[in-house]
1. List every residue pair whose Cβ atoms sit under 6 Å apart, with the two residues 6 or more apart in sequence or on different chains, where the first one lies in the range 232-257 and is in the same structural domain as Ile59 (by TED's automatic domain parsing) and the second, anywhere, is among the aromatic types (Phe, Trp, Tyr) and part of a helix (DSSP H, G or I).
2. Looking at His463, His529, His502 in this structure, which one is more than 26 Å from Arg615 (Cβ to Cβ), in the same structural domain as Asp573 (by TED's automatic domain parsing) and not charged (D, E, K, R)?
3. Go over the candidates Gly123, Gly173, Gly114, Gly142 one by one and state the one that is without any contact (Cβ under 8 Å) to a residue 24 or more places away in the chain and not aliphatic (A, V, I, L, M).
4. In contact with a Gly (Cβ under 7 Å, 6 or more places away or on another chain) and either on the phi < 0 side of the Ramachandran plot or not in a loop (DSSP other than H, G, I, E, B) (or both): which single residue out of Val321, Val358 fits that description?
5. Going residue by residue through the range 330-346, is there one that turns out to be of a type in the set (A, V, I, L, M, F, W, C), crowded, with 23+ Cβ neighbours inside 10 Å and within 18 Å of Gly140 (Cα to Cα)?
6. Against the conditions (1) touching a helix residue (DSSP H, G or I) at 6+ places or on another chain (Cβ under 6 Å); (2) outside any helix (DSSP H, G or I); (3) not acidic (Asp, Glu), where does Gly283 fall short? Just the number, please.
7. If you go through the range 75-90, how many residues are free of Cβ contacts under 8 Å to residues at least 40 places away in the same chain and small (Gly, Ala, Ser)?
8. Whether any residue in the range 60-69 is modelled with pLDDT of 85 or more and not hydrophobic (A, V, I, L, M, F, W, C) is what I want to check.
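The values are calculated or read from the model by the stated rules, or taken from the named source; none is laboratory data. Not measured: the values here are computed from a predicted model. Cβ sites come from the backbone with ideal geometry, for glycine too, and all protein chains shown count toward neighbours.
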Amino acid sequence: MNAALPTVDKPPSRSIWNLLIGRPLRSSDASQEQITPVEGLSALSLDALTSVAYGPEAIIVVLALAGASALHLILPITLAIIALLTILVVSYRQVIDAYPGGGGAYAVSRANLGAGASLLAGGSLIVDYTLTVAVSIAAGVGSLTSAFPSLTSLTVPMCLAILGVITLLNLRGLGASARAFLLPTLLFIVGLLAIIVVGLIHPLGRHHAQPGHSLLSTHSLQAVSVLLILKAFSAGCSALTGVEAIANGVPLFKAPRAVRAKRTEVLLGSILGVMLLGLAVLGERWHVGPRSGQTVLSQIMGMAVGRHWAYFAVSLTITIVLSLAANTSFGGLPILTSLLARDNYLPHFFGLRDDRQVFGNGIWVLAILSAGLLIAVGGNTISMIPLFAIGVFTGFTLSQSGLVVHWWRTRPERWRYRAVVNGLGAVVTLLATVIFLITKFQAGAWVVVVAIPAFIVLFARIHAYYHRSAQEIGAGAVPGPPVARPSLVIVPVNNVSTITQHAIAEALSLGGDVVALYVSLDYPDRDQHESAEIEALWRAWHPGPPLEVLHTEFASVVGPIVEYIDRARAKGDRQIVVLIPVVEPRRLRYRLLHNHIDLVLSAALRKRTDVVVARVRVPIEARRRSG
């Protein structure tokens, strides 16, 4: 009687990875990871909301070049930015209605401006999403190290640790990260709005001495000119980064998706507009200028409520949400890469969902690109600021322009009004993009100018390859009827055992002729009776298929097997299958002790298109003997 094959217990269904990211979800359960409008603020809007920490300051830093007399321009410039914000919110609500599948600027450009513009949008958004993650995390860690200078040497490890936590939360699903970040998001919004209200009604620290010293020169370095105002406007437009993320991530919302996404867009625009306006009014009223060791936001908060518990509580919340603002990109980029993969501009695995019903490959790539950038710049926010916002404003311009074409083609009710609004938005965002490029090119923006075309070339090469391969394999055409061929199944063996029994049984199940191959190494110092013993055991066992013994004086067992395959191929048109027995020990550390023939033979046959290489895996339990 043949010996029974050893069995191995199945591994536990919950692995460490399952504990980290959660159990696999059915497609019918995916709705639990979809988000509501309020959760959309923490999942897709933190990038835009936290821009109040650096947007108003960017305006003041530019105006300060013309001296204190130019600081009064912060309010009209902020009003212009809020007007642009309104245009963008209205525009992206229209994008959500017209393209509810997500993709934002990429989807609009692909449908209305052609492939070239859509690839420009795709490349720009990938660069922007990567920079958003790196800048947000670095800014949050920078705030922490400013309060605790002793942690400065740990900047990069802390950045990577925060990135790792955000990545794992998004691998669990966007709903998990949205709910985890919702409380600090709401605390940030309520706390900052409360400080603005106190500052407008009855400031508590208006006349208190401010830390640091003023960096405002008594002599203007530049005259107040149209160019200076345009520079200040474009710098302040960094407060608008992230507005597009909601339109990119419409599929992430609960049904009705478009309705909920549009509500989130309005919530974001309203809250951000009120914050920017309130900070601008206070900044102009109190003549806030650049100070050493103090951000503009910190100065306004200190004057509004004094440097007491409320100041420190909101400062801590700002530090947290600045780091968490990276979550915006994790909501948008995986959707974008899945669309690019669907259109054959990225490898198709970007369009595959993982066990948690998320586009995990896009999340991993974003995490790797962001980690590389953080390591390259040492977690220094200042090194990345010149690169920031160019990509997203390129997307703004393309989406606005694409919508103008969309209204012209479809001509719905009030299409002229809509086209004018989007046309104005396209002109303004294009102007801001050009000013960004001119004023920040030598400061590092050239990297974006190089990176975006590099992505476009990559997209084009991948698309061209997919097109060529589709033609070669006749994708989409009806092929002729399949023709069966007789088969020869070759089983390499090195002994007679239950492993061999299992392999031969599987080979017979495949049908056709079956032959077992044993390679005898004919060395002068080797026992020549070994092959004879194998043949005797085979005759005694008599499994059915014959055993062929191949003799060789060379060191490799692969050569004789390959030569046998070539001879078999020359004898007729047969499908040759090489079925390799593979031992599967339960413990990982034992796997290096087995399957050496599989490694070398698989490598030798990997490029052969006339041979099917298959494995039959045989589990074994190698238990340690007791006493």
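1. Taking only residues 6 or more apart or on different chains, the pairs are Ser234/Phe436; Ala247/Tyr92.
2. Values: His463 fails: in the same structural domain as Asp573 (by TED's automatic domain parsing); His502 fails: more than 26 Å from Arg615 (Cβ to Cβ).
Answer to the check: His529.
3. Details: Gly123 fails: without any contact (Cβ under 8 Å) to a residue 24 or more places away in the chain; Gly173 fails: without any contact (Cβ under 8 Å) to a residue 24 or more places away in the chain; Gly142 fails: without any contact (Cβ under 8 Å) to a residue 24 or more places away in the chain.
That would be Gly114, the only listed residue that is without any contact (Cβ under 8 Å) to a residue 24 or more places away in the chain and not aliphatic (A, V, I, L, M).
4. Numbers: Val321 fails: in contact with a Gly (Cβ under 7 Å, 6 or more places away or on another chain).
Val358 is the lone residue from the list that is in contact with a Gly (Cβ under 7 Å, 6 or more places away or on another chain) and either on the phi < 0 side of the Ramachandran plot or not in a loop (DSSP other than H, G, I, E, B) (or both).
5. Within the range 330-346, one or more residues are of a type in the set (A, V, I, L, M, F, W, C), crowded, with 23+ Cβ neighbours inside 10 Å and within 18 Å of Gly140 (Cα to Cα).
6. (2)
7. If we filter the range 75-90 for residues that are free of Cβ contacts under 8 Å to residues at least 40 places away in the same chain, which is where we start, we get 76, 83.
Keeping just the survivors that are small (Gly, Ala, Ser) gives 83.
Within the range 75-90, residues that are free of Cβ contacts under 8 Å to residues at least 40 places away in the same chain and small (Gly, Ala, Ser) number 1.
8. No: the range 60-69 contains no residue that is modelled with pLDDT of 85 or more and not hydrophobic (A, V, I, L, M, F, W, C).
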